[in-house]
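A short write-up of the structure that comes next.
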Amino acid sequence: MIERIAILGTGLLGTSAGLALRAAGFKGAITGWNRSPEQAPTALKMGAIDSIAADAIETARESHVVLLAVPVFAIIDFMEQLAPALGPDRLVTDVGSTKGQIAAAAARLYNQPGRAAFLPGHPMAGKEQGGAALADAALFRGAVWIFTDDPEAQRSAFSAGLATAWRGWVAALGAKIVDLDAARHDELVAWVSHLPQFVSTALSALLEDRVGEAPELKDVGGRALREMTRLGASPFSMWRDIAHTNTANIEAVLHALEQRLAHLRENLRTPALRDEFEQANRFRRE
């Protein structure tokens with residue numbers, strides 16, 4: 001049913017999706033587009049796409065499935081542009097890291113009689129740095145791919161079939177599909193994805209301020225330092241939209257961590273410290 005796919009955004013996730021689709025046996029046409037001029041040619045050279053689109057909207061019109069693999073605000077902008085351009089025989093999906101605003105835009109602009117379908121998605125996969133050159137056909141293998149579909153969605157029979165077919169291809173990439181409510185998704189990823197990123201960013205920035213010029217720092221820090229600061233290499237451009245679109249949840253988890261750190265600081269010489277280590281060990285065992 002899916003014969004033509006447009007990937008709008010040929011960075012790490014978009015290019016990896018193209019490579020993974022080919023590795024999984026997709027034989028149809030894959031066209032790529034990217035705002036940055038160097039990314040799409042890299043994706044083409046790697047074999048993730050067959051051709052580079054000159055016009056993103058026109059390419060979307062010609063494709064059965066449109067994958068939006070750009071930051072969250074750009075996803076919402078594309079959703080606004082594509083809604084009047086696509087008919088009910090088209091499916092738009094995304095890989096956005098937050099889902100609340102995207103799901104709201106989907107309910108307003110899509111999934112209604114006479115309109116294209118929208119299937120909000122989020123693969124829990126990536127790297128601390130982006131770009132087509134770092135793409136990997138195996139990036140989604142064993143990863144969770146979350147869909148926050150609206151149970152009230154009204155789709156044509158054809159676009160509903162496209163949504164089912166796309167979920168099938170996601171499974172073929174080796175991903176585990178999990179269905180969540182959009183609000184629950186944003187709450188959970190604040191804990192398991194956004195909090196680790198901001199902890200690593202804060203720690204890396206603090207170390208840079210306090211001991212960044214010490215020549216022996218990396219030797220002394222060793223593996224613990226490398227693991228705890230790995231995410232600190234993530235660029236702001238990857239996280240700005242996340243911070244803006246999941247602010248309340250991120251504020252809540254950061255506040256919870258601040259309280260927990262204060263508890264640790266206040267109990268460095270009491271049995272409560274042992275209790276914290278036991279609690280942490282239980283989480284790791286489970």
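The values are calculated or read from the model by the stated rules, or taken from the named source; none is laboratory data. Bear in mind the structure is a predicted one, so any value in this text is a computation, not a measurement. Cβ sites come from the backbone with ideal geometry, for glycine too, and all protein chains shown count toward neighbours. Side chains included, ligands, DNA and RNA excluded: accessible areas come from the protein's heavy atoms. Shrake-Rupley method; radii C 1.70, N 1.55, O 1.52, S 1.80 Å.
Things to note:
- Exclusive hit being open to solvent by less than 60 Å² (accessible area, probe 1.4 Å) and within 24 Å of the chain's Cα centre (by Cα), set Thr229, Thr270: Thr229
- Those residues of region 273-286 which are open to solvent by 70 Å² or more (accessible area, probe 1.4 Å) and either acidic (Asp, Glu) or in contact (Cβ under 8 Å) with a residue 12 or more places away in the chain (or both), in sequence order: Asp275, Glu278, Glu286
For (1) loosely packed, with under 14 Cβ neighbours inside 10 Å; (2) within 30 Å of Val92 (Cα to Cα); (3) acidic (Asp, Glu); (4) without any contact (Cβ under 8 Å) to a residue 60 or more places away in the chain, each residue gets a yes or a no:
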residue	(1), (2), (3), (4)
Ser159	no, yes, no, no
Arg167	no, yes, no, yes
Leu195	no, yes, no, no
Glu251	yes, no, yes, yes
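- Any hit, region 28-39, residues being within 15 Å of Trp166 (Cβ to Cβ), in contact with a Leu (Cβ under 6 Å, 6 or more places away or on another chain) and not acidic (Asp, Glu): no
- Wholly enclosed helices (runs of 4 or more DSSP H) of region 226-286 bearing at least 3 residues within 30 Å of Asp77 (Cβ to Cβ) and at pLDDT 95 or above: 236-245, 247-266
- Odd one out for Gln129 among (1) part of a loop (DSSP other than H, G, I, E, B); (2) polar (S, T, N, Q); (3) buried (at least 17 other Cβ atoms within 10 Å of the Cβ): (3)
- Qualifying residue in region 164-173 (condition: under 15 Å from the mean Cα position of the chain (by Cα) and farther than 18 Å from Asn246 by Cβ): yes
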